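First up is the structure itself, then whatever we jot down about it.
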């Protein structure tokens with residue numbers, strides 16, 4: 001599976017966790033999916049129109065695993081845009097879909113001590129041997145600054161892992177089929193990384 005460190009969008013100011021809304025999408029709202037997992041399949045407005053595809057079901061399953069009680073991780077924000085013209089027309093495919101999910105350690109103090117970088121490295125190591133012949137998608141990671149509002153004042157600055165993903169194809173169905181294949185590898189790699197990279201108590 002192709003994966004790489006991705007420069008990603010510019011974050012001039014730390015994001016907040018939990019967040020309330022976004023300037024670019026006022027209807028977006030933060031949901032604590034660790035306490036309300038039933039919202040995973042109904043509240044993610046970008047994904048709902050595509051939810052009849054197995055790729056989106058696989059993404060929902062990944063979120064359900066990340067946010068279940070035994071997980072050391074949780075998700076914070078995700079986005080998706082369905083198949084549209086490929087931004088790099090010289091590529092082998094004419095369409096692309098793309099999205100993101102942001103991850104953090106549930107024990108908030110572990111997001112301040114470099115362990116997000118540890119998680120990022122573990123994810124790339126786990127992805128490297130998976131589905132090596134797949135050329136229908138890619139995964140990029142970006143460590144972004146976050147202000148953890150539940151931590152004591154003056155000690156709130158930390159990090160999150162932004163995972164960006166792209167899938168390509170020449171038809172809508174091919175894009176979503178490749179996304180399903182990518183999600184299988186991402187879920188497997190995150191399970192491996194989570195098992196190997198348990199934070200110290």
> Could you give every pair whose Cβ atoms fall below 8 Å, whose first residue belongs to the range 86-98 and is over 9 Å from residue 168 (Cβ atoms), and whose second residue is surrounded by 10 or more Cβ atoms within 10 Å (Cβ to Cβ) and at pLDDT 90 or above, counting only separations of at least 6 or pairs across chains?
Replying inline: 87/96; 98/80; 98/81; 98/164; 98/165; 98/166; 98/167
>> Filter the range 136-152 down to the residues that are surrounded by fewer than 14 Cβ atoms within 10 Å (Cβ to Cβ) and assigned to a loop (DSSP other than H, G, I, E, B) and list them by number.
In response: 149, 150, 152
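State yes or no: is residue 151 over 21 Å from residue 2 (Cα atoms) and touching a helix residue (DSSP H, G or I) at 6+ places or on another chain (Cβ under 6 Å)? Steps first, please.
On the way: over 21 Å from residue 2 (Cα atoms): yes; touching a helix residue (DSSP H, G or I) at 6+ places or on another chain (Cβ under 6 Å): yes.
So residue 151 fits the description; yes.
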> Of all residues in the range 166-189, which are touching a helix residue (DSSP H, G or I) at 6+ places or on another chain (Cβ under 7 Å) and more than 15 Å from residue 63 (Cα to Cα)?
Replying inline: 167, 168, 169, 176, 179
> Is there any pair linking a residue in the range 163-175 that is farther than 26 Å from residue 193 by Cα to one that is assigned to a helix (DSSP H, G or I), with Cβ under 8 Å and at least six apart or on different chains, and which?
Replying inline: 169/175; 169/176; 169/177; 169/178
> Quick one: which of 94, 141 is within 27 Å of residue 50 (Cα to Cα) and under 15 Å from the mean Cα position of the chain (by Cα)?
Replying inline: 141
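Scan the range 101-109 and give yes if some residue there is surrounded by 13 or more Cβ atoms within 10 Å (Cβ to Cβ), at pLDDT 90 or above, over 19 Å from residue 183 (Cβ atoms) and more than 19 Å from the chain's Cα centre (by Cα), otherwise no. Please lay out each step first, then the result.
Initially, the range 101-109 is screened for residues surrounded by 13 or more Cβ atoms within 10 Å (Cβ to Cβ), giving 101-106, 108-109.
Imposing the further condition that a residue be at pLDDT 90 or above reduces the set to 101-106, 108-109.
Add one more test, that the residue is over 19 Å from residue 183 (Cβ atoms), and what stays is 104-106, 108-109.
After this cut, where a residue has to be more than 19 Å from the chain's Cα centre (by Cα) as well, the list is 109.
So far as the range 101-109 goes, yes, one or more of its residues are surrounded by 13 or more Cβ atoms within 10 Å (Cβ to Cβ), at pLDDT 90 or above, over 19 Å from residue 183 (Cβ atoms) and more than 19 Å from the chain's Cα centre (by Cα).
Residue by residue, here is whether (1) assigned to a helix (DSSP H, G or I); (2) on the phi > 0 side of the Ramachandran plot; (3) surrounded by 21 or more Cβ atoms within 10 Å (Cβ to Cβ); (4) free of Cβ contacts under 8 Å to residues at least 24 places away in the same chain holds:
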| site | (1), (2), (3), (4) |
| --- | --- |
| 154 | no, yes, no, yes |
| 160 | no, no, yes, no |
| 178 | yes, no, yes, no |
| 182 | yes, no, yes, no |
| 186 | yes, no, yes, no |
| 189 | yes, no, yes, no |
> Say we look at the range 40-50 and pick out the residues that are within 17 Å of the chain's Cα centre (by Cα) and closer than 26 Å to residue 70 by Cα; which of these is surrounded by the fewest Cβ atoms within 10 Å (Cβ to Cβ)?
Replying inline: 43
>> Please pick out the residue among 77, 113 that is modelled with pLDDT under 90, at positive phi and not in a helix (DSSP H, G or I).
In response: 77
>> Please go through (1) surrounded by fewer than 22 Cβ atoms within 10 Å (Cβ to Cβ); (2) over 15 Å from residue 111 (Cα atoms); (3) over 19 Å from the mean Cα position of the chain (by Cα) for residue 169 and return the number of the only condition it doesn't satisfy.
In response: (1)
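Inside the range 42-74, can you point out the residues that are over 26 Å from residue 105 (Cα atoms), part of a helix (DSSP H, G or I) and touching a residue at least 12 places away in the same chain (Cβ under 8 Å)?
Just the residues of the range 42-74 that are over 26 Å from residue 105 (Cα atoms), to begin with: 48-54.
From the residues that got through so far, the ones that are part of a helix (DSSP H, G or I) too are 48-50, 54.
Those that are over 26 Å from residue 105 (Cα atoms), part of a helix (DSSP H, G or I) and touching a residue at least 12 places away in the same chain (Cβ under 8 Å): 49, 50, 54.
The values are calculated or read from the model by the stated rules, or taken from the named source; none is laboratory data. No experiment lies behind these values; they were computed from the predicted model shown. Heads up, the Cβs are rebuilt from the backbone with ideal geometry, glycines too, and the neighbour counts pull from every protein chain shown.
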